[in-house]
Amino acid sequence: MGEVFEVLSFRALWTPELIAVLLIIGALYFLLTRRWRARFTSAGKQTFKQDVMFVTGLVCLYLGWGSPLYSVGHMMVSIHMIQMVFAYFLAVPLFILALPKWLLAGVYNWLDKKVQPLRMLIFHPIIGLIFFNALFSIYHIPVVFDFLMLRPGVHSVYEMVMFVAAIMMWWHMLAPLPSKQYLHDFRRIIYIFGNGILITPACALIIFSGTALYDTYTDMSFWAQVMAYCIPGGAAVPASMFGGPGSGWT
């Protein structure tokens, strides 16, 4: 594992541009909830718990989309799945729970007033249920997965779209604005159960497959093309970093 830190570029390991973006988002959060809050609302201040949840959400998003985990996720499918958990199953609900209700309500009301069709689409429970799970399942189809791994730009766009879809999905499970919630009580339980059912095929495909699924983790030449984006210019991709089927890397 130490070879990863010796060979990969600083940018590939630590994703400094993502750190910069997350720091800006964090600064905006504290400005909105502290210095600028009185301009928008007379509601009470954020709690320390909400601040901790928001910062933890930023850390989880960094672990999912950046950090050394991102590069190691190109070598180990288990690490890749951990990335998915950090980005879409930890960061998203933490953000929704941390953001002040007056801000969420403001965004919701603005969408309802300016672009109601878009608001109805974004906050419709069936769309939220299907959209994320469909993107998650399509992402893990072998031909799609390998295609995205070879195209970092397209991969990043897909991840961001899936992040929006995750917000749509989690919105109905967490119900941060009960007065504007489509689902109540028993129907929300059914919604949560439906999410568990819909996400199962993609997970089962990976867990119970009798053969290796992705060229990214099984084909040395393909993997070398993927990792070439993470290696400093002129450096070769060390074959010793490739685990292949049945090895500790995969």
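Of note:
- Scanning the range 12-26 for residues that are open to solvent by 50 Å² or more (accessible area, probe 1.4 Å) and either within 16 Å of ALA98 (Cβ to Cβ) or charged (D, E, K, R) (or both) returns GLU17, ILE25.
- Failed condition for VAL237, given (1) open to solvent by 60 Å² or more (accessible area, probe 1.4 Å); (2) at pLDDT below 85: (1)
- Elements of type helices (runs of 4 or more DSSP H) contained in the range 40-156, each with 2 or more residues being among the small types (Gly, Ala, Ser) and over 27 Å from ARG188 (Cβ atoms): 67-72
- All conditions but one from (1) modelled with pLDDT of 95 or more; (2) surrounded by fewer than 17 Cβ atoms within 10 Å (Cβ to Cβ) apply to GLY153; the one that does not is (1).
- Checked against the criterion of being of a type in the set (Gly, Ala, Ser), more than 24 Å from LYS180 (Cβ to Cβ), touching a helix residue (DSSP H, G or I) at 6+ places or on another chain (Cβ under 9 Å) and free of Cβ contacts under 8 Å to residues at least 12 places away in the same chain, the candidates GLY26, GLY73 yield just one match: GLY73.
- Within the range 75-114, considering residues that are at pLDDT 90 or above and hydroxyl-bearing (Ser, Thr, Tyr), the one surrounded by the fewest Cβ atoms within 10 Å (Cβ to Cβ): TYR108
- Only one entry of LEU135, LEU94 meets the criterion of being in contact with a Ser or Thr (Cβ under 8 Å, 6 or more places away or on another chain) and not β-branched (Val, Ile, Thr), and that entry is LEU94.
- Test: residue in the range 128-146 that is under 17 Å from the mean Cα position of the chain (by Cα), within 26 Å of LEU28 (Cβ to Cβ) and open to solvent by less than 50 Å² (accessible area, probe 1.4 Å): yes
- Those residues of the range 157-198 which are modelled with pLDDT under 90, open to solvent by 30 Å² or more (accessible area, probe 1.4 Å) and either part of a loop (DSSP other than H, G, I, E, B) or in contact with a helix residue (DSSP H, G or I) (Cβ under 9 Å, 6 or more places away or on another chain) (or both), in sequence order: SER179, LYS180, TYR182, HIS184, ASP185, ARG187, ARG188
- Residue satisfying all of: in the range 203-230; modelled with pLDDT of 75 or more and among the hydroxyl-bearing types (Ser, Thr, Tyr); nearest to ILE141 (Cα to Cα) among these: TYR214
- Residue selected from the range 38-58 under the condition hydroxyl-bearing (Ser, Thr, Tyr) and in contact (Cβ under 8 Å) with a residue 12 or more places away in the chain, by the criterion most open to solvent (accessible area, probe 1.4 Å): THR56
- Residues that are more than 11 Å from the chain's Cα centre (by Cα) and in contact (Cβ under 8 Å) with a residue 12 or more places away in the chain were ranked within the range 59-70; the one that is nearest to LEU150 (Cα to Cα) is TYR70.
- Among the residues of the range 199-226, the one identified as open to solvent by 70 Å² or more (accessible area, probe 1.4 Å), in a loop (DSSP other than H, G, I, E, B) and not polar (S, T, N, Q) is GLY210.
The values are calculated or read from the model by the stated rules, or taken from the named source; none is laboratory data. Keep in mind the model is a prediction, meaning the values are calculated, not measured. So basically every Cβ, Gly included, is an ideal-geometry build from the backbone, and we count neighbours across all protein chains shown. Side chains are part of the model used for accessible areas, which takes the heavy atoms of the whole protein and leaves out ligands, DNA and RNA. Shrake-Rupley method; radii C 1.70, N 1.55, O 1.52, S 1.80 Å.
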